[in-house]
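Everything below concerns the one structure shown next.
Every number here is computed from the coordinates shown, using simple stated rules; none is lab data. Here the structure is a predicted model, which is why all the values come from computation and not from measurement. When we count neighbours, we look across all protein chains shown, and the Cβ atoms used for this are built from the backbone with ideal geometry, even at glycine.
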Amino acid sequence: MYFDSFQALLTMNGHGIYVWPAYLITIVVIMAVLIAPVRRRNRLLEQLAAELRRTESATVSGVRGEQ
C-alpha cells in the first residue's frame, strides 16, 4: 500500500486538505448530473398525467352537459 497508515492517507503529506474536497465536489457534481434527468423525467410525467386527467375530466363534463 502506498500509505503507511490511515492518517497518512487522510493527510497525504499536507495535500489532503486540497485533495479530499476536490473528490467530494467531483462526486457531488457527478451525482447531480446523474439524478437531474431522472427527476426532470418524473416531473414531466406527473405534469402530463395531470394534464391528461384534466382533459378527460373536461371531456366527460362536456359530454354530460350536452345531454
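Kindly express, to the nearest 10 degrees and within the range 0 to 90, the angle between helix 16-66's C-alpha long axis and the longest C-alpha principal axis of the chain.
On a 0 to 90 degree scale, this one is about 0.
Could you give the longest part of the chain that holds none of the chymotrypsin sites (Phe, Trp or Tyr not before Pro) found in DSSP loops with at most 15 neighbouring Cβ atoms within 10 Å?
Working: sites that count: Tyr2, Phe3.
Maximal segment without exposed cleavage sites: 4-67.
Run the helix sum for the chain: -39,500 (n - 2.57) per DSSP H stretch of 4+ residues, divided by residue count, reported at 222 nm to the nearest 500 deg cm²/dmol.
-30500 deg cm²/dmol
How far apart, in nm, are two points set 7 Å out from the Cα along the Cα-to-Cβ line at Val28 and at Ala49?
Spacing of the two 7 Å Cα→Cβ label points: 3.2 nm.
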